[in-house]
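**Q** To start, I am sharing the structure in question, which I have written as structure tokens.
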Amino acid sequence: MNYYYYPGCTLKTKAKALDASARAAAECLGVTLTEVPEWQCCGAVYPMAQDEVAARLSAVRALLAAREAGVPLVTLCSACHHVIKRVNADMAKNPDLRQKAANYLGLSTPYAGETKVLHYLEVLKNDVGFETIKQQVKHPLTGQKIGAYYGCLLLRPADVMQFDDPESPTMLEDLLRALGAAPVDYDQKNECCAGYLSLTDPAAASRRTRAILTSAREAGAEALVTACPLCQYNLSRHSGGSLPVYYVTELLEAALKGGNGHA
Amino acid sequence: MPLNTSAPAQTGEYRPLIVAFCCNWCSYAGADLAGSSRLTYPADVKIIRVPCSCRVNPLFVLKAFERGADGVILCGCHPGDCHYTTGNYYTRRRMTLLFSMLDYLGIERERTRVEWVSAAEGAKFSATMNDFARTIRALGENRKLRDLRCGN
Amino acid sequence: MQKIGVFVCWCGSNIAGTVDVGRVVEAVRQEPGVAFAADYQYMCSDSGQNLIKSAVKEHGLTGIVVCSCSPRMHEATFKKTAAAAGLNPYMVEIANIREHCSWIHKNMEEATEKAIVLARAAIAKVLKDAPLTSGTTEVTKRALVIGGGIAGIQTALDIAEAGFAVDIVEKQPTIGGRMAQLDKTFPTLDCSACILTPKMVDAGANENIELFTYSEVESVKGFVGNFTVTIRKKARSVRADLCTGCGECTEKCPSRKTKNEFNMGMDTRGAIYIPYAQAVPKIAVIDREHCLHFKTGKCGLCERTCSAKAIDFAQEDELVTRNYGAIVMATGFQMIDPSGFGEFGYGKSKDVLTSLEFERLMNAAGPTGGHLVCPSDGRHPKHIVFIQCVGSRDTSGCGKPYCSKICCMYTAKHAILVRDKYPDVSVTVFYIDVRTPGKNFDEFYRRAVEEYGVQYVKGMVGKVTREGGRLKVQGSDLLNDRQLHLEADMVVLAAAIEPDPTARSVASMLTASIDTNGFMTEAHPKLRPVESPTAGVFLSGVCQGPKDIPETVAQASACAAKVIGLLCKQKLVNNACVASSDPLLCNGCSSCEKVCPYGAITYEERELNDKGVRRTARVAVVNEAVCQGCGACTVACPSGAMDLKGFTNQQIMAEVDAICR
Amino acid sequence: MRELTNAICARAKELLQSGAAGRVLGWAPGEFFYDPTPGVFSEGRLNELVYDGFTAANLSKYCIAESQKEGKVLVLLKPCDSYSLAQLVKEHRVKRENIYALGIPCEGKLDMRKARAKGVEGALSFREEDGQVVFETLYGEVRLAREELLLERCLCCRGREYAGVDETLEYALPELPKRDRFQKVAALEEQTAQERYAFWRGELSKCIRCNACRNVCPACSCVQCVFDNPQSGVAAKANSTEFEESLFHIIRAWHVAGRCTDCGECSRVCPQSIPLHLLNRKFIKDVNELYGEYQAGADPAARPPLVNYTPEDPEPSAVLERGRA
Amino acid sequence: MPETTRETVLRISGTNTRKCMLCGKCSGSCPAYDAMDYRPHQFVAMVERGEIAPLLQSKSLYACMSCFACVERCPRGVQPASLIEALRAMVLREREHTRLPAQLIPELIDAGTPQQAVVSAFRKLSK
């Protein structure tokens, strides 16, 4: 199981734990992640404007590198995944953008979405298999009541992301169950935490995270997991420590290898 | 509303000749629906009504080409929906083999097409004819079949 | 020598607005064989037809070309005109210069050119037309109705009343269909069962009607007037002739976990059951999938209980083959599963229901005995939110693009029923549009608002969440420019209705066409709404499109009238455009026989006079009463012996020639 | 070879004497040693019967006329010929009850054109010796390896199974090469449309419309050919243009599609050496690939592919996409 | 001045406002609804009517969380979020409308603020 791996800027700085745990867990599971050489920041925001070409280029570069290597491109940060997956779809479906990107990058063969973009969780689910993971768990998270927080970027728009049911996703819960935990279902798991506004409108972020945290707590969650550094930051900042927010990979690593304090 | 597909014939502009065989029950009715919905397609397309697509003898297709048609399209009910139960299944085999043969002889494969268009698919009929006409226009005049055998 | 008359119709401005009809007339006059050409504003009008008739007489025309609308529209009209003028009706050809020309082209020059080409093709064809006469066939005086809901019952009753035998095939163990599940009916609020069950009983008792319940159509052969249908009577494991419907067995059955379909799975039933008290026929049936006897071989309690000795575990499916003159599709509808719209929380909270589930919840024979309680915990609700257009008018993928038509009215009904019975329960309805075209419909909806104080909110719900044991509904109130966050105890989804999935396979057997949404296609959307384009197949009820009960019943009766009209005929005039084989060219190879879907071709040894030489040969013979004129045989025939009257090789080649000229 | 001919004659004589048949359909000497022609023999003339490297003609088609006559005819069928007869019987073209089919072994037939191409000129006679063919010519003896002279069809021999014969004559013969008969078709398919067009245009332009292919083809046995029927709309006589001229071979191949046993007679008799069998083989290859293996004449009960279907048949468009990357 | 025609907005957003059937599900779904002066459904309606100028001034452009709930739930395939983004882009492409001067950043972040937050804020709010 060989993949190109796109960590993204946050995983190299503030979210090193996400990166490190993901790599460690991958190694345990026989998944080889090769970091994309000389990757650039994806921009963290998918440019919805159809005439924005430049903002799509760093994603295209990463996709091109994977095309050349002939392997799928794996991402972890929700924002990176969202941007790269959607730009990939643009390149496949929008000939205008494809040609413009090729012109910018001086490509003789335009990039037409050939690379398969996978989220780390998709690799776990489809290529490794949750059943395999379950068998490899050495330190099950027995009895831990954990709420899965998906946020927006992994799920929507579902026709492009094709990650999970956009309104009733279960992928994280299925993984948590494989790790031995008791996932807690709550209705705000796919609602926005207002992460993009965390700098400019902290009040909005506070309102949204409170709604999410309340919903999770009411359903009995004692911790949350997410795959997004911004969600993690936003939620932990407003939980006041009452509800710890982990990266899903941290729990995965802990269950596979043991050790980490919280597990 | 773009009407470019029915642009007036300008002098010198190449206008292909397209013969469309349509089964009476589905595709001809689909063409009627395209008409009553005012869904345009080029006047290059001329429709011949047949009771079923299975009435279309390969000789008709070849004849049309030989007489100067640039494209021939057969339209019938969707497989399984044939008014006569099985007619279009035979059509499908016959035309598959015939078109494959034409391709084998080096005739552009885009000049022949089979499409299943139901009586409810006026929009599909129009879209199909627009697409086919565009394809044929791009291919240009059909000389190959006529010239397959040089005059001696 | 043929003398052809060409008649170019203006169709008002429909044709003349885009096609220069004068130029068409001028052009066709030059065509060989054309003895007369004229244009007229409405050729299908009396005076237009008279113009044709007098031209035939005056100019001694032998054939007619009418350049007009689609032959599917007026070919029959002009054939009659020709016949009235003494011509063989098959000496008429139509050039479709409206649907295939004037309506789709905008440029006059171009449309006129095309019209001329189409006219030439028709002239070329008519020059090779030969007078044809139609044969006739007998009509089997029995009808089959597929589906035993209110549509099928009404159609069957009307046909039976007219004195014809009619069979109903129903896949469920009882007739009654969806209507039997409804509580009250709009806009009168009379009890659904009270008006339906007498009809069910009538259908069961009528000596002209035979019910095949728990049965399915297995295969269909033949054609209008002469269908042969095989019906699979599934094994009930209960002998219909012995069961008294006492219900003893259903109470004793120890397997009690099967979801009760009648109550939309909101309660359970035994493995042996009678769907409901008013079932017709009132005969128990064993659901073998859930029966302990069939699963483990150990039980047999029902058999011991039954004093009528009706239980028959060894019963097998039975195939019944019958002939019918007409077949009615009355396969009805189901509600879509709204799980695809996860934002509404259906499937996550038991208090989010579909309207049909709510219908059962309100019904005295329903899972709660008619007490309105929250399914999650049995509490009495304080506030109920109804959401309309769930999956209707939805082009996003998981819904249906059409309006389901009945939801506005039944939601108003639900709202009124709740408010009437439980004035303490408040009701909010989220709507996009309230559509009430129907007699007393808008008045009914206004009553909900004015008399019953139902809150109608223009806007759609974005999300339903569970909070503190209740539901929270977030939606927009567009008229008041606000986002609402309402607490509710129940949410009722007016989910879209879709054709019953069985319609597709049955339609396929009947070779009747289906539209992209799975509804049956009618022969003409306005003028022949109860007939399928396939002769002898008729449409009754929602299988043709969404309908409420009065509309369904009206259509069912209209459908019956059409069936009766067919069954009344002593003979049917056959298609004259049938295949025929030239024995002198026939190789006797049997290729044609193999592709004929009707078995219309047989072979016989014939003595032939081949240009003075006598020889005997095995040649193909077409049964003209059975041939439907598809033409499959003509292409299978390598020698060209087989040809199709009205669409001969020469005629089609002539059309090709004329178009490619 | 003489030995095999004697064996055939001996068995034929027995059969005639037993009353199983009244006459024999076989090969008689032609104008030259390399063109034996079909002939009918009474018991007394059996000594004139030829069976050698050049008796390639497929006798099946002659059974149509022969079976209409009084009495039974004994027909000699090489393995591949037997499929043609079986197909004709399946199509009710031959009165099987008037035929006694004797399957005779075949060691592959020779192509005089190949011999000429290898420099055999002024040939007067030939004989076969140990896998070699020895031509006696005006300019002396020429020896050539037998395999080099085999007819195209014999290089792809489909084996020694017979279809629907009444009996077979056992006789040990060396194996024939079993080349892939679709190799050339596949090679053409690989080419660009332009190349294919150039190939076929070159070949079909050579046609002189002598009708030899049609006349020899066992599948082309219509009571009246569409090309001879002015009512058919395709006959040249009925048209001012050259429809028949340009499309004759396509239509001919179409009409025998699903019925052609791939006997190769069309190419053998073509005076212009047009590889007509490549048209038939294209249909056979397509049928095999798309609808499952089918050999015309092999199974009397099997529905021929063109009067058959399955609901899952591929779409014409999908088929044209084949091989298009 | 930026181009302010309906066509520009439609081109940049790649959405078709005529598909809207005025159900309001976008506004019923929007988590930023209360912070908006013009609501998602109004964006669709106003763009369709060509009323672009007021939208360019709207504070909703900076309240939208780009959560795509409106896009996901729209029964007709309209994309209100894309309209909002197109309008925001039109404003920001005028340099003077940059909403997030770099010098403001230090006071907006804390020790834990992920890069992603900064990068995305720049992407959304400056040019």
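**Q** Take region B:105-152 and flag every residue that is part of a helix (DSSP H, G or I), within 14 Å of chain D (Cβ to nearest Cβ), surrounded by fewer than 22 Cβ atoms within 10 Å (Cβ to Cβ) and without any contact (Cβ under 8 Å) to a residue 60 or more places away in the chain.
**A** Matches in region B:105-152: B:ARG109, B:GLU110, B:ASP131.
**Q** Additional query: Out of all the residues in region C:76-126, which are among the hydrophobic types (A, V, I, L, M, F, W, C) and farther than 16 Å from C:VAL24 by Cα? I'd like the intermediate steps shown before the answer.
**A** Initial filter on region C:76-126 (among the hydrophobic types (A, V, I, L, M, F, W, C)): C:76, C:78, C:82-85, C:87, C:91-92, C:94-95, C:97, C:101, C:103-104, C:108, C:111, C:115-119, C:121-124, C:126.
If the condition is that a residue be among the hydrophobic types (A, V, I, L, M, F, W, C) and farther than 16 Å from C:VAL24 by Cα, then C:ALA76, C:PHE78, C:ALA82, C:ALA83, C:ALA84, C:ALA85, C:LEU87, C:MET91, C:VAL92, C:TRP103, C:ILE104, C:VAL126 are the ones that fit.
**Q** Scan E:ILE109, E:ILE84 and give me the residue that is of a type outside the set (S, T, N, Q), touching a residue at least 12 places away in the same chain (Cβ under 8 Å) and away from chain C (no Cβ under 14 Å).
**A** Details: E:ILE109 fails: touching a residue at least 12 places away in the same chain (Cβ under 8 Å).
Only one candidate passes the filter, namely E:ILE84.
**Q** Given the options C:GLY152, C:GLY135, C:GLY147, C:GLY177, name the one that is in contact with an Asp or Glu (Cβ under 7 Å, 6 or more places away or on another chain), over 18 Å from B:ILE48 (Cα atoms) and crowded, with 23+ Cβ neighbours inside 10 Å. Quick ask: steps written out before the conclusion?
**A** Values: C:GLY152 fails: in contact with an Asp or Glu (Cβ under 7 Å, 6 or more places away or on another chain); C:GLY135 fails: crowded, with 23+ Cβ neighbours inside 10 Å; C:GLY177 fails: in contact with an Asp or Glu (Cβ under 7 Å, 6 or more places away or on another chain).
Only one candidate passes the filter, namely C:GLY147.
**Q** Then there's this: Among what's in region B:73-87 and is hydrophobic (A, V, I, L, M, F, W, C) and more than 10 Å from chain C (Cβ to nearest Cβ), pick the residue that is surrounded by the most Cβ atoms within 10 Å (Cβ to Cβ).
**A** Going through the qualifying residues, I end up with B:CYS75.
**Q** Mind counting the residues in region A:144-166 that are within 12 Å of another protein chain (Cβ to nearest Cβ) and small (Gly, Ala, Ser)?
**A** 2
**Q** Moving to a separate point now. Answer with yes or no whether C:THR395 is of a type in the set (S, T, N, Q) and at pLDDT below 95.
**A** Details: of a type in the set (S, T, N, Q): yes; at pLDDT below 95: yes.
It is true that C:THR395 is of a type in the set (S, T, N, Q) and at pLDDT below 95.
**Q** Now a separate question. Within region C:453-462, identify whether any single residue is within 14 Å of chain E (Cβ to nearest Cβ), free of Cβ contacts under 8 Å to residues at least 40 places away in the same chain and at positive phi, and answer yes or no. Write out each step before concluding.
**A** Filtering region C:453-462 for residues within 14 Å of chain E (Cβ to nearest Cβ) gives C:456-462.
Subsequent filtering for residues that are free of Cβ contacts under 8 Å to residues at least 40 places away in the same chain retains C:456-459.
With the extra rule that they be at positive phi, the set shrinks to C:459.
There is at least one residue in region C:453-462 that is within 14 Å of chain E (Cβ to nearest Cβ), free of Cβ contacts under 8 Å to residues at least 40 places away in the same chain and at positive phi.
**Q** Something else about it: Filtering region E:100-127 down to residues that are within 16 Å of the chain's Cα centre (by Cα), buried (at least 17 other Cβ atoms within 10 Å of the Cβ) and not small (Gly, Ala, Ser), which residue is nearest to E:THR15 (Cα to Cα)?
**A** First pass over region E:100-127, keeping only residues within 16 Å of the chain's Cα centre (by Cα): E:100, E:120-127.
From the residues that got through so far, the ones that are buried (at least 17 other Cβ atoms within 10 Å of the Cβ) too are E:100, E:120-125.
Now restrict to residues that are not small (Gly, Ala, Ser): E:100, E:122-125.
Numbers: E:LEU100: 27, E:PHE122: 24, E:ARG123: 21, E:LYS124: 19, E:LEU125: 22 Å.
Per the criteria, the residue is E:LYS124.
**Q** I need every pair where a residue in region B:46-72 that is within 10 Å of B:CYS22 (Cβ to Cβ) and more than 7 Å from chain C (Cβ to nearest Cβ) has its Cβ under 8 Å from the Cβ of a residue that is in a strand (DSSP E or B) and small (Gly, Ala, Ser), sequence separation at least 6 or different chains.
**A** As it stands, the answer is B:SER53/B:GLY76, since those pairs meet every condition given.
**Q** Find the strands (runs of 3 or more DSSP E) located wholly in region C:437-520 whose residues include 1 or more that are over 39 Å from the mean Cα position of the chain (by Cα) and not assigned by TED's automatic domain parsing to the domain that holds C:GLY152, and list them. Even if it seems obvious, please write down each step before you answer.
**A** On the way: elements: C:455-458, C:461-467, C:470-477, C:482-488, C:490-495, C:497-499.
Because the criterion is at least 1 residues that are over 39 Å from the mean Cα position of the chain (by Cα) and not assigned by TED's automatic domain parsing to the domain that holds C:GLY152, the strands (runs of 3 or more DSSP E) in region C:437-520 that meet it are C:461-467, C:470-477, C:482-488.
**Q** For C:MET490, all conditions in the list (1) more than 11 Å from every other protein chain (Cβ to nearest Cβ); (2) within 30 Å of C:ASN440 (Cβ to Cβ); (3) surrounded by 23 or more Cβ atoms within 10 Å (Cβ to Cβ); (4) touching a helix residue (DSSP H, G or I) at 6+ places or on another chain (Cβ under 7 Å) hold save one; what is the number of the exception?
**A** Single failed check for C:MET490: (4).
**Q** Go through region A:10-56 and count every residue that is assigned to a helix (DSSP H, G or I), within 11 Å of chain E (Cβ to nearest Cβ) and buried (at least 20 other Cβ atoms within 10 Å of the Cβ).
**A** Residues in region A:10-56 being assigned to a helix (DSSP H, G or I), within 11 Å of chain E (Cβ to nearest Cβ) and buried (at least 20 other Cβ atoms within 10 Å of the Cβ): 3 in total.
**Q** Which ones in region A:189-210 are touching a residue at least 12 places away in the same chain (Cβ under 8 Å), at the interface with another protein chain (Cβ under 9 Å from one of its Cβ atoms), farther than 19 Å from E:VAL71 by Cβ and not small (Gly, Ala, Ser)?
**A** If the condition is that a residue be touching a residue at least 12 places away in the same chain (Cβ under 8 Å), at the interface with another protein chain (Cβ under 9 Å from one of its Cβ atoms), farther than 19 Å from E:VAL71 by Cβ and not small (Gly, Ala, Ser), then A:ARG207 is the only one that fits.
**Q** Just to be sure I understand, how many residues within region A:161-202 are assigned to a helix (DSSP H, G or I) and at pLDDT below 95? Spell out the reasoning first.
**A** Residues of region A:161-202 that are assigned to a helix (DSSP H, G or I), as a first pass: A:161, A:171-178, A:195-197, A:202.
Applying the additional criterion that residues be at pLDDT below 95 yields A:195-197, A:202.
Adding up the residues that qualify gives 4.
**Q** In this structure, does D:GLY233 turn out to be over 21 Å from D:ASN288 (Cα atoms), of a type outside the set (Asp, Glu), assigned by TED's automatic domain parsing to the domain that holds D:THR55 and surrounded by 18 or more Cβ atoms within 10 Å (Cβ to Cβ)? Can you show your working first?
**A** Values: over 21 Å from D:ASN288 (Cα atoms): yes; of a type outside the set (Asp, Glu): yes; assigned by TED's automatic domain parsing to the domain that holds D:THR55: no; surrounded by 18 or more Cβ atoms within 10 Å (Cβ to Cβ): yes.
The answer is no for D:GLY233.
**Q** For C:LYS282, are the conditions met, namely being under 31 Å from the mean Cα position of the chain (by Cα), modelled with pLDDT of 95 or more and within 28 Å of C:ALA560 (Cα to Cα)? Step through it out loud before you land on a result.
**A** On the way: under 31 Å from the mean Cα position of the chain (by Cα): yes; modelled with pLDDT of 95 or more: yes; within 28 Å of C:ALA560 (Cα to Cα): yes.
Against the criterion (under 31 Å from the mean Cα position of the chain (by Cα), modelled with pLDDT of 95 or more and within 28 Å of C:ALA560 (Cα to Cα)), C:LYS282 qualifies.
**Q** Could you grab me the full set of residues in region C:201-245 that are on the phi > 0 side of the Ramachandran plot and among the polar types (S, T, N, Q)? First the steps, then the outcome.
**A** Pass one, region C:201-245, residues on the phi > 0 side of the Ramachandran plot: C:214, C:222, C:225, C:237, C:245.
Across region C:201-245, the qualifying residue is only C:SER237.
**Q** With the condition kept exactly as written, say whether any residue in region A:189-207 is outside the structural domain of A:LEU11 (by TED's automatic domain parsing), more than 23 Å from E:ASP34 (Cβ to Cβ) and surrounded by fewer than 24 Cβ atoms within 10 Å (Cβ to Cβ). Talk me through it step by step, then tell me what you get.
**A** Here is the first cut: in region A:189-207, the residues outside the structural domain of A:LEU11 (by TED's automatic domain parsing) are A:189-207.
Within this subset, residues satisfying the condition of being more than 23 Å from E:ASP34 (Cβ to Cβ) are none.
No, region A:189-207 contains no residue that is outside the structural domain of A:LEU11 (by TED's automatic domain parsing), more than 23 Å from E:ASP34 (Cβ to Cβ) and surrounded by fewer than 24 Cβ atoms within 10 Å (Cβ to Cβ).
**Q** Here is a further query. Check region A:59-80 and report whether any residue there is part of a helix (DSSP H, G or I), within 12 Å of another protein chain (Cβ to nearest Cβ) and not polar (S, T, N, Q). Step through it out loud before you land on a result.
**A** Here is the first cut: in region A:59-80, the residues part of a helix (DSSP H, G or I) are A:59-69, A:78-80.
Within this subset, residues satisfying the condition of being within 12 Å of another protein chain (Cβ to nearest Cβ) are A:78-80.
Checking the rest, the ones that are also not polar (S, T, N, Q) come to A:79-80.
There is at least one residue in region A:59-80 that is part of a helix (DSSP H, G or I), within 12 Å of another protein chain (Cβ to nearest Cβ) and not polar (S, T, N, Q).
**Q** Right, here's the next one. What's the total number of residues in region B:88-102 that are within 21 Å of C:GLN650 (Cα to Cα) and at the interface with chain C (Cβ under 7 Å from one of its Cβ atoms)?
**A** 1
**Q** Further question: Considering only residues that are of a type in the set (D, E, K, R) and either in contact (Cβ under 8 Å) with a residue 12 or more places away in the chain or out of contact with any Asp or Glu (no Cβ under 9 Å at 6 or more places or on another chain) (or both), which ones fall in region C:516-540?
**A** Quick first cut of region C:516-540, residues of a type in the set (D, E, K, R) only: C:522, C:526, C:528, C:531.
Selection gives C:GLU522, C:LYS526, C:GLU531.
**Q** Hey, can you tell me all the residues within region C:159-172 that are surrounded by fewer than 24 Cβ atoms within 10 Å (Cβ to Cβ) and farther than 19 Å from C:CYS543 by Cα? Can you show your working first?
**A** Residues of region C:159-172 surrounded by fewer than 24 Cβ atoms within 10 Å (Cβ to Cβ): C:160-165, C:167, C:171-172.
Passing the criteria: C:ALA160, C:GLU161, C:ALA162, C:GLY163, C:PHE164, C:ALA165.
**Q** From the list A:LEU11, A:LEU97, exactly one residue is closer than 18 Å to A:LEU153 by Cβ and in contact with an Asp or Glu (Cβ under 7 Å, 6 or more places away or on another chain). Which is it? Lay out the reasoning, then the answer.
**A** On the way: A:LEU97 fails: closer than 18 Å to A:LEU153 by Cβ.
Only one candidate passes the filter, namely A:LEU11.
**Q** Still on this structure, please answer the following. How do the pairs read when you match residues in region C:571-590 that are closer than 19 Å to C:PHE647 by Cα with residues anywhere that are among the acidic types (Asp, Glu) and part of a loop (DSSP other than H, G, I, E, B), using Cβ under 6 Å and keeping only pairs 6 or more apart or on different chains?
**A** Note: pairs meeting the criteria are C:VAL578/C:GLU624.
The values are calculated or read from the model by the stated rules, or taken from the named source; none is laboratory data. Since this is a predicted model, take the numbers as computed values, not measurements. So basically every Cβ, Gly included, is an ideal-geometry build from the backbone, and we count neighbours across all protein chains shown.
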